[in-house]
Each structure stands twice: as structure tokens, then as C-alpha cells.
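Student: Sending over a structure as C-alpha cells; questions will come in a sec.
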Amino acid sequence: MRRMVKEGLLKFDATPLFPERIAYTVPFKLSDAEAQLYTEVTNYVREEFNRADALENEKRKGTVGFALTMLQRRLASSPEAIYQSLKRRREKLEKKLRELSLLHRGSTAAAISPVAAEDLDSEELEDLEDAPDNEIEKAEEEVLDQATAARTIAELKAEIEILRGLEVLALAVRRSGEDTKWRELAGLLGEIFTPASIADLSAETSPPYGAGAVPRPKSSPHQKLVIFTEHRDTLTYLEQRVSTLLGRRESVV
């Protein structure tokens, strides 16, 4: 039985043990504000990657690259996740700037040491992928909030200014309510939990993975739904939005 795939497992009456799994993608288009934020953050990540490549310290280069990759993933997660990440990163780098400015007494040309609490080499970054979730989250937060390719106080100031501008953009998207991903998810929730909904989940032009037409869900307030997300900021955001949509905080666990 261990060698059998889930789809091949049968009950004693020869019927499938598990229901058929049908996977499909709900496409959506970013709003103009979301597209601008995505472009600006992507440009920032690309420029910082280029600066990191110029560093002679390989461990620091890898740590900065890891931090920028985390930022890109949070950008794809939700406006809330990227806003909170940019805000925390800007605040941590500002704190470091104040410490450095005091230490070097206003000199902007002074070289600075790596901002990250601890630089990670390639093996340590690979090991981190297999660590417990709480350890991964803690390490990601520390690296993302502090790792920078800035080599002088002047460069650090310039990066903080860029982060401040990106934070303003992210906050504007957050306050505008133009969260396209949430709007699409809310539509699916309405289809699943509200019998009166007229949304159609089987609107794809071609069958997903040859599975045939996507069956409509049985609308019921008693349905159960699992939502997966990687980042805690997005999790908190979705908990609030889903609770408000369904009208009962106890509906979300």
C-alpha cells in the first residue's frame, strides 16, 4: 500500500478511497496601483542584487541575496505582507543608521560593517530550508529586516530613502482596497458559502490537467475550506478579511 499513489487506493467495494483532486488556476490582473508597486519593488530588488554582486564578502552577498528573495516572495503574497516587510526593514535600517552616525560622528563616507546580525553561507542557507517553521521564520525576519548591500553610511541613507518611498506606495495600495487577489478569493468564498451566489468556478476554457469540467461546489454555510499561505502578515490579514466577510469571527480557525 505504501507504494500506491493516493489516486490508486480503493475501498473494499472498489470505489476510490479519496475524492478526485482537481487543480486549477484562477487568473487575475493587477490593478494599476498594484502593478506600480510590483514594478518599483522589483526594480529595488534588482538594483540591490547588482550591488550585492559587487561585494567581495561571499557570505554577506549570499545573506543579502536571501533577504531580497524573501522580499520578492512577500511582494507576491499580499499588499499587507509587502507593506509590513518594507516598514520593518526601513525601521531596522534607520536604527542601524543612527548607531553608525553616532559612532562615526556624522561622516557619510565611513565604511560600514555588514548590517545583518549574522551572515549565512550557502550551506547554512540550504540547511535553513529544512529547519522547523519557527526557526525559519525567525531567521527570515532577522535577515530580511537587516541585511543590506550598503557599504557606506551615504549608501545606507540612500537605501532607506528608497524603502521609505516603497513603503508609501505599499501603504497607498493597502488603504485603497484594490487588493485583486483578495477580491478573487472573496468571490470564491461567496460561491462556496452563499447559495445565492451566481459565480461559476467552471469557467476555464480548457479542462485542468485533463480532469474534465470543474464541478460547482455545494453552497452551504457549513462548508469547510483550508487556505494555505506562507507569511504570517498575510495570515493575519486574511483572518480579519474572511471573518468580516462571513460575519462571524469564530468561523475562522
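Student: Within the range 162-213, restricting attention to residues that are open to solvent by less than 80 Å² (accessible area, probe 1.4 Å) and aromatic (Phe, Trp, Tyr), which residue is modelled with the lowest pLDDT?
Tutor: Going through the qualifying residues, I end up with Phe193.
Student: Do you know which residues across the range 224-240 are within 17 Å of Glu184 (Cβ to Cβ) and open to solvent by less than 70 Å² (accessible area, probe 1.4 Å)?
Tutor: Answer for the range 224-240, where residues must be within 17 Å of Glu184 (Cβ to Cβ) and open to solvent by less than 70 Å² (accessible area, probe 1.4 Å): Thr229, Thr234, Tyr237, Leu238.
Student: Restricting to the range 29-63, what's the tally of residues that are part of a helix (DSSP H, G or I) and modelled with pLDDT of 75 or more?
Tutor: 20
Student: Restricting to the range 17-28, and then to whatever is surrounded by 10 or more Cβ atoms within 10 Å (Cβ to Cβ) and closer than 25 Å to Leu188 by Cβ, can you tell me which residue is modelled with the lowest pLDDT?
Tutor: Within the range 17-28, the match that is modelled with the lowest pLDDT is Ile22.
Student: Could you tell me whether Ala131 is in contact with an Asp or Glu (Cβ under 6 Å, 6 or more places away or on another chain) and modelled with pLDDT under 85?
Tutor: Judged against the criteria, Ala131 is not a match.
The values are calculated or read from the model by the stated rules, or taken from the named source; none is laboratory data. A quick note: this is a predicted structure, and the numbers were derived from the prediction, not measured. Cβ coordinates were reconstructed from backbone atoms using ideal geometry, including for glycine residues, and neighbour counts include every protein chain displayed. Accessible surface is based on the protein model in full, side chains and every heavy atom, while ligands, DNA and RNA are left aside. Shrake-Rupley method; radii C 1.70, N 1.55, O 1.52, S 1.80 Å.
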